[in-house]
């Protein structure tokens with residue numbers, strides 16, 4: 001089932017990549033999407049064996065496309081542990097190193113440990129995952145998650161080449177995100193060989209997405225537990241090592257959910273400060289909306305609904321040829337029936353009216 005009907009040459013084309021109940025898994029959740037140096041699309045997700053819950057027997061999966069998402073290859077199992085044991089492997093956060101072509105993939109184990117793996121053959125095979133928790137977690141944390149969604153490689157300034165992955169952590173109980181939840185970044189300055197963590201943001205923050213703006217600053221767009229049903233944004237002038245105040249973003253309405261945030265322009269192009277954002281724009285997990293900003297997220301004059309029905313997590317990517325790809329959770333009756341991939345043009349997006 002596709003979530004968009006093809007009605008014009010430039011209208012989005014959408015087809016499911018993962019369908020819950022098929023391929024050996026009860027539910028597929030938590031999409032992550034990157035485009036390799038060779039132009040291959042890599043669609044990651046969690047395969048949840050016996051139910052929809054965030055914890056249990058969860059595996060890390062991948063499908064690849066070499067034709068901009070027109071077709072997808074076979075489902076690949078990247079990592080699982082313990083057979084049917086209730087070990088939670090998830091929160092995929094991939095990043096592409098444009099200098100080496102290697103694809104790095106961070107993920108969490110039971111939301112207590114952080115692992116990293118990588119591929120040197122365009123995602124066809126993956127190295128044995130390494131536990132890097134000692135370098136990228138703190139003993140007082142009670143929760144840690146990578147991404148979910150894409151990381152970035154910096155293109156400007158003294159930190160050019162740095163790989164940056166958005167993450168979050170918690171220091172208290174699950175009901176204490178408003179006081180003990182924080183976003184942060186982990187990063188590598190040696191092409192993925194070693195990793196370290198930056199400082200935490202203000203409290204009340206959670207899953208986040210990062211983009212490098214035209215002036216070289218990093219913008220961290222965060223799921224917020226401030227009770228306002230809107231995103232928050234923090235800025236970094238040191239490549240993600242530290243973050244300024246978390247500022248509310250009233251235009252970016254959310255039901256407290258993950259979102260995607262990417263740069264449109266060519267990295268390092270100071271004249272192009274366009275960014276894209278996607279999330280279920282409301283107080284419920286529905287109406288997946290894509291927005292375009294021409295000024296690095298200061299204003300969002302362009303918005304268009306990609307899926308009007310139930311929808312949740314998403315990840316955007318710029319495709320070869322200039323189109324936009326979006327991998328997102330959606331369905332007819334609930335948001336977790338499929339993980340669907342849609343391809344659309346910036347012209348289609350700009351032709352819409354806010355909320356259309």
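What follows draws every value from the coordinates through simple rules; no lab data is involved. What you see is a predicted model; the values in this text were computed from it and never measured. Positions of Cβ are generated from backbone atoms using ideal geometry, with glycine treated the same way; all protein chains shown enter the neighbour counts.
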Mean separation of Cα pairs under 8 Å and 6+ residues apart, divided by the residue count of the range 13-351: what relative contact order is that in percent? 13 percent
Quick one: which of 291-302, 272-283, 112-123 comes out on top by average Cβ neighbours within 10 Å, and what's the full order, highest first? 272-283, 112-123, 291-302
I'd like the FRET efficiency for residue 66 and residue 345, computed as 1/(1 + (r/R0)^6) with the beta carbon distance as r and R0 of 22 Å, rounded to 0.05. 0.60
Peptides ranked, highest mean first, by Cβ atoms within 10 Å: ranges 28-36, 327-335, 47-55: 28-36, 327-335, 47-55
Tell me what the chain gives for mean residue ellipticity at 222 nm when only DSSP H runs of n ≥ 4 count, each as -39,500 (n - 2.57), the sum divided by the residue total, rounded to 500 deg cm²/dmol. -500 deg cm²/dmol
Grab the Cα-Cα distance for residue 125 and residue 299, subtract it from 0.36 nm times how many residues apart they are, and report the gain in nm with one decimal. 58.5 nm
Which one, (1) 1.03; (2) 0.89; (3) 0.96, gives Cα Rg over 2.2 N^0.38 Å as derived from the coordinates shown? (2)
Among the range 161-204, those whose backbone N falls under 13 Å of a label point 7 Å along Cα→Cβ from residue 55 are 173-175
Net lengthening on full extension, residue 10/residue 99 (0.36 nm per residue, minus Cα-Cα): 28.7 nm
Express the relative contact order of the range 181-244 as a whole percentage, based on alpha carbon pairs under 8 Å and six or more residues apart in sequence. 30 percent
Starting with the highest mean, order 193-201, 88-96 by the number of other Cβ atoms within 10 Å, averaged over the residues of each peptide. 88-96, 193-201
Using a Förster distance of 35 Å, how high is the FRET efficiency between residue 77 and residue 189, based on the Cβ-Cβ distance and rounded to 0.05? 0.65
